Amino acid sequence: MAKKVNINISLPIGSVQIYVDPRKQMQAEKLITRTPQIMQRGYDLGSRKFGNQLLRIVKMSLNTGVPPPGSGVSWPPHSVATLKKYGAHTLLNLTGQYARSVTIVNRKDRTFVGLPPGLKKTTYFGKTSRKTLNQIAIMLEYGSRDGNLPPRELWRPAYKAAGGADALQKSIRNEVRKELRKYTK
């Protein structure tokens, strides 16, 4: 007769206890063997789901020139000098390159939402800037050192609008549970 299995596994999202009836020993062994892959798949799916929500919020803000909804952030309008030089345009969207370039990247065990590294900014006049798009995004986020460009926070408020750490953890936890259920039915 097979022995019963009772295992506790500690995870960053909580503790998982696995108890198995001896009659379901094979199913338990399969679950235990595949647990690392199950956890990684659940993490990947959950973080990708949250990342897509964050990406939608960021793109919407960049395309409309309005801070993320519910963030409590407001952006100062363009200065007179900016309007004189470039004409009226949506905040944070002079050429549209920033909004078009924001993406979600899934790597081995990470999900990133942001801009591709090293991508050069194309200026309003069609030339390639010496600055990367990431450098421009940082300037827009925090403002310029000389104070001529006011900060227009996007990323922290967008993360907050997407639900922040709680929503990210919940998304990962739900996807891990879904993956575990595939092996426990």
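So what's region 38-106 giving for Rg/Rh, alpha carbon basis, Kirkwood Rh from the mean inverse pair distance? Present the calculation step by step, with values, prior to reporting the outcome.
On the way: Rg = 16.1 Å, Rh = 14.1 Å.
When Rh is taken as the Kirkwood radius, the ratio is 1.14.
Filter the trypsin sites (Lys or Arg not before Pro) in region 101-175 down to the DSSP loop ones having no more than 16 other Cβ atoms within 10 Å, then list what survives.
Answer by residue number: Lys108, Lys127, Arg145.
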Worksheet, complete the sentence: All alpha-carbon distances of region 107-157, grouped into 5 Å bins from 0, give the whole-percent distribution 5, 18, 19, 23, 20, 9, 5, 2, 0
Discussion item. Please check: in the Gaussian network model of the chain (C-alpha springs, under 10 Å), which one of Gly65, Gly114, Gly126 has the largest mean-square fluctuation.
Written reply: Gly126
Worksheet entry | Cross-link pairs beyond the 22 Å C-alpha cut-off, checked among Lys59/Lys120; Lys49/Lys108; Lys59/Lys178; Lys49/Lys160; Lys85/Lys121 | Lys59/Lys178
Discussion item. On a 1.4 Å probe surface of the protein chains, which of Ile38, Ile7 comes out largest in accessible area, and what is the full order?
Written reply: Ile7, Ile38
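Take every Cα pair under 8 Å in region 1-121 that's 6+ residues apart, average their separations, divide by the length, and report that relative contact order as a whole percent.
On the way: 105 pairs, mean separation 23.0, N = 121.
It comes to 19 percent, rounded to a whole number.
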Practice prompt. May I ask for the distance between the Cα centers of region 135-185 and region 70-90, given as a whole number of Å?
Written response: 24 Å
Item to complete: Provide the FRET efficiency to the nearest 0.05 for the Leu11-Ser129 pair, computing r from the beta carbons and using R0 = 45 Å.
Response: 0.50
Worksheet, complete the sentence: Calculating Kirkwood radius over Cα pairs in Å from this structure picks out, from (1) 19.5; (2) 17.3; (3) 17.7, entry (1)
Item to complete: Scan around Gly143 for amide H atoms under 5 Å from its own, H built in the peptide plane at 1.01 Å from N, and keep only partners 5 or more places away or cross-chain.
Response: Arg152
Practice prompt. DSSP loop (so not H, G, I, E, B), at most 15 other Cβ within 10 Å: list which chymotrypsin sites (Phe, Trp or Tyr not before Pro) in region 131-185 pass both filters.
Written response: Tyr183
Discussion item. Going by amide H atoms built from the backbone, whose H comes under 5 Å of the H on Ile7, apart from near neighbours?
Written reply: Ile18, Tyr19
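Quick one: compute the contact order of region 100-185, relative version, from alpha carbon pairs under 8 angstrom and 6+ residues apart, as a percent.
Reported relative contact order: 13 percent.
Local charge sum around Ser15 (other residues, Cβ-Cβ under 14 Å, Lys/Arg +1, Asp/Glu -1)? Present the calculation step by step, with values, prior to reporting the outcome.
Values: positive: Arg173, Arg177; negative: none.
Around Ser15, the surrounding residues sum to +2.
The values are calculated or read from the model by the stated rules, or taken from the named source; none is laboratory data. Values in this document were obtained by computation on a predicted structure and should not be read as measured data. Note: ideal-geometry Cβ built from the backbone for every residue, glycine included; neighbour counts use all protein chains shown. Keep in mind that these areas ignore ligands, DNA and RNA; they rest on the heavy atoms of the full protein, side chains included. Shrake-Rupley method; radii C 1.70, N 1.55, O 1.52, S 1.80 Å.
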